[in-house]
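Read the figures in this text as sums done on the coordinates, not as results from a lab. Note that the structure is predicted; figures quoted are calculated from it, not measured. Don't worry about glycine lacking a Cβ; one is built from the backbone with ideal geometry, like all the others, and counts go over all protein chains shown.
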């Protein structure tokens, strides 16, 4: 599932059948090459983060979660990786050989595991396993 | 590549942070190769950095960036600069003189061949009348054992037979020249 498709998806509580927010973005950990949390907007509580382990399902039309209480402040890796410098989309791609290779346009995520399946770039697809680092200057991929 | 192309190239960690940019190339005294680089900070108002990068810590020197594992790759400037004989700025402007005593011109750039080491393979010089090139810039190959120093740059007189006009054919000129020297031994 592409992050661009996931964006704005409603996040539904299975307990109350109410919408508890909408997906604003995903936090990707380059160390594990997977999504560690979804950032939400239009939440009613204090927090704006839904951690990956608390997601019940990423569906075609909605993200489901057991209850509102699982939408919290970011913690652990999700907290460490919050902030613009850790975002992928829109960033230049640099290979580990020091050559630029376009910019990230979208990220394809496995909805079951949260693993980054591939990066979509302006110069073609890059397999997710090649992701090395995400920083303020560039997304680094193995050459 | 010409070593002038390296100036201002960003130094980027594998985590995707641009932590410095190259300032000056530091040549290894003994081998005629790049020993490392002095660094400048990134950004409009950043000045020089009190850190240097030795060649061993460079993971890749690409078209667009110099890759390092992390900021831990940087060393104190003394560690890189003191074991070398020359910096870029010491070499530029120096005159290249043959072992038979002819001044071939002054150095305007240094030509590198990047592999496991960054080998100094030639100089780009503003040619003197002795080369009969109307003062044009030409590339002159260097022996593989030659040290780069800031003082007299003395090359074997045969180098003048392997002068090239541009980088495209220069790699072949260097190989031919070095083969020629080996044959003469």
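Taking the Kirkwood radius as the inverse of the mean 1/r across Cα pairs, report the Rg/Rh of the range B:1-82.
Details: Rg = 11.7 Å, Rh = 12.6 Å.
Taking Rh as the inverse mean 1/r over Cα pairs, Rg/Rh reads 0.93.
State, as an integer percentage, the relative contact order of chain B based on alpha-carbon contacts under 8 Å between residues 6 or more apart. Before the final figure, lay out each step's value.
Values: 418 pairs, mean separation 35.4, N = 185.
Reported relative contact order: 19 percent.
Over the whole of A:91-102, what's the average partner chain Cβ count within 10 Å per residue? Rounded to a whole number, please. Don't jump to the answer; show the numbers that get you there.
Details: counts 1, 3, 1, 10, 6, 7, 8, 15, 6, 4, 1, 0.
That works out to 5 on average.
Would you compute the Debye intensity of the range B:37-76 from its alpha-carbon atoms alone, equal scatterers and no solvent, and pass along log10 I(q)/I(0) at q = 0.20, 0.26 Å⁻¹ to two decimals?
Debye curve over Cα of the range B:37-76, log10 I(q)/I(0) at q = 0.20, 0.26 Å⁻¹: -0.64, -0.98.
Taking the simple approach of a point 7 Å from Cα along Cα-to-Cβ for both residue B:95 and residue B:136, what is their distance in nm?
Going by the 7 Å Cα→Cβ label model, 2.4 nm.
Could you give the distance between the Cα centres of the range B:1-69 and the range A:105-143, to the whole Å?
Centre-to-centre (Cα) distance: 26 Å.
For A:105, A:49, what ranking results if the residue with the fewest other Cβ atoms within 10 Å of its Cβ goes first? Let's see the in-between values first.
Working: A:105 16, A:49 22.
Final ranking by Cβ density, sparse to dense: A:105, A:49.
Considering only DSSP beta bridges where both residues belong to the protein assembly as shown, give the percentage that are antiparallel (nearest 5).
On the way: 75 of 87 bridges.
Beta bridges within the protein assembly as shown, antiparallel portion: roughly 85 percent.
As a test of the formula, what do you get for chain A when each DSSP H run with n ≥ 4 contributes -39,500 (n - 2.57) and the sum is divided by the residue count, at 222 nm and rounded to the nearest 500 deg cm²/dmol?
Numbers: 2 runs with 9 residues, N = 143.
Rounded to the nearest 500, the figure is -1000 deg cm²/dmol.
Calculate the length of the line joining the C-alpha centroid of the range A:71-93 to that of the range A:25-65, in whole Å.
11 Å
What number in nm² do you get for chain B if you take the convex hull of its Cα atoms and divide its surface by four?
Details: hull surface 43.4 nm².
Computed as one quarter of the Cα hull surface, the answer is 10.8 nm².
Run the helix sum for chain B: -39,500 (n - 2.57) per DSSP H stretch of 4+ residues, divided by residue count, reported at 222 nm to the nearest 500 deg cm²/dmol. Present the calculation step by step, with values, prior to reporting the outcome.
Working: 3 runs with 24 residues, N = 185.
Helix contribution divided over all residues of chain B: -3500 deg cm²/dmol.
Just counting partner chain Cβ atoms within 10 Å, what average do the residues of peptide B:67-74 show around their Cβ? Write out the running numbers ahead of the final one.
Details: counts 9, 1, 0, 1, 0, 0, 0, 0.
Counting Cβ atoms of other protein chains within 10 Å of each residue's Cβ and averaging gives 1.
So what are the radius of gyration and Dmax for the Cα set of the range B:101-182, in Å?
Radius of gyration, then largest Cα-Cα span, for the range B:101-182: 11.9, 37 Å.
Determine, from the Cβ-Cβ distance of residue A:69 and residue A:32 and an R0 of 22 Å, the FRET efficiency 1/(1 + (r/R0)^6), rounded to the nearest 0.05. Present the calculation step by step, with values, prior to reporting the outcome.
Details: r = 25 Å, r/R0 = 1.16.
FRET efficiency, residue A:69 to residue A:32: 0.30.
Using Cα atoms only, what is the angle between the long axis of helix B:170-184 and the major principal axis of chain B, expressed in degrees (0 to 90) to the nearest 10?
It is inclined by approximately 60 degrees.
Over the range A:19-75, what is the relative contact order in whole percent, taking alpha-carbon pairs under 8 Å and six or more residues apart? Numbers along the way, then the final one.
Details: 97 pairs, mean separation 15.9, N = 57.
Once divided by the residue count of the range A:19-75, the mean separation gives 28 percent.
Please report A:29, B:165 as a ranked list, fewest other C-beta atoms within 10 angstrom at the top and most at the bottom.
Values: A:29 21, B:165 13.
So the ranking, lowest neighbour count to highest, is B:165, A:29.
Kindly provide the Kirkwood hydrodynamic radius of the range A:1-141 in Å, to one decimal, from all pairs of distinct alpha carbon atoms. Working shown, then result.
Values: mean 1/r = 0.0658 Å⁻¹.
Evaluated over the range A:1-141, this radius sits at 15.2 Å.
Report the antiparallel proportion of the DSSP beta bridges in chain A as a percent, rounded to a multiple of 5. Mind showing how you got there, number by number?
Values: 34 of 40 bridges.
Approximately 85 percent, going by the DSSP bridge assignments.
Eigenvalues of the Cα gyration tensor times 5, then square-rooted: what semi-axes does that give for the range A:9-71, in whole angstrom, largest first? The partial results should precede the final answer.
Values: eigenvalues 71, 29, 21 Å².
So the three semi-axes of the range A:9-71 are 19, 12, 10 Å.
Please report, in whole Å, how far the alpha carbons of the protein assembly as shown spread along each principal axis, starting with the longest.
Computed over the Cα atoms, the extents are 93, 36, 33 Å.
Under a 10 Å cutoff between Cα atoms, tell me which one of B:69, B:144, B:28 has the largest fluctuation in the Gaussian network model of chain B.
Comparing B:69, B:144, B:28 in the GNM, the peak value goes to B:69.
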